[in-house]
Amino acid sequence: MDEAPGLSDQYRTASPWPVFIALGIPISELGLLFDLFPLSVGGLVLFGGSIAGILRESGYVKSTMKSLVVLSAIMFAFGGWLVFTDVALATRGYAVIVAGFLLLVGGGVFELFVRDQRPTI
C-alpha cells in the first residue's frame, strides 16, 4: 500500500508564499483599523517580500534584489499618490512608503550578505 498515491519524487513540495501573500494585506489593514502603524508597515513588508519570494521561486526573476527594487518603486509611487491626493488616506500612504523603503533596505542587505541563494535540503 502506497502512503501517497499518485505522487512521485519528481514533484516539488508546496510553496509557503501564497499563505504569506494572503496574510500580508489583512494584517496591514488591521494595523490601519486599530491605528497601529508598525503593524500596517509589517503587513505590507510581508506582502511585498512574499511577492518577491514567489517570483524568485517560480523562476520569473533571477535576482531577488531586482524584484524588490521594482516593488519598492511601485510602493513609493502608490504611497506618494495616496498621500498627495486624499488627506483621509495619508496614513495609509505613509505606511506604503515606509514599507517600500524597508523592502529596499532589506533587499540590499540580503544581496550584500547572502551569498548562496540555493535552498539546502
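Output the number of residues of the stretch 56-88 satisfying the condition of being assigned to a loop (DSSP other than H, G, I, E, B) and at negative phi. So the answer is 5.
In the set Pro16, Pro38, only one residue is closer than 16 Å to Leu103 by Cβ, of a type outside the set (Val, Ile, Thr) and surrounded by fewer than 18 Cβ atoms within 10 Å (Cβ to Cβ); that residue is Pro38. Please verify whether the stretch 96-105 includes one or more residues that are in a helix (DSSP H, G or I), free of Cβ contacts under 8 Å to residues at least 40 places away in the same chain and either on the phi > 0 side of the Ramachandran plot or not hydrophobic (A, V, I, L, M, F, W, C) (or both). No, because not a single residue in the stretch 96-105 is in a helix (DSSP H, G or I), free of Cβ contacts under 8 Å to residues at least 40 places away in the same chain and either on the phi > 0 side of the Ramachandran plot or not hydrophobic (A, V, I, L, M, F, W, C) (or both). Is it the case that the stretch 5-15 has a residue that's at pLDDT below 95, in a helix (DSSP H, G or I) and not basic (Lys, Arg)? Scanning the stretch 5-15, I find no residue that is at pLDDT below 95, in a helix (DSSP H, G or I) and not basic (Lys, Arg), so the answer is no. Can you name the residue in the stretch 18-55 that is under 13 Å from the mean Cα position of the chain (by Cα) and in contact (Cβ under 8 Å) with a residue 60 or more places away in the chain and is also farthest from Arg92 (Cα to Cα) among such residues? The extreme case among them is Val45.
The values are calculated or read from the model by the stated rules, or taken from the named source; none is laboratory data. Note that this is a predicted model, so its numbers are computed, not measured. No Cβ is skipped: glycine too gets one built from the backbone with ideal geometry, and neighbour counts run over all protein chains shown.
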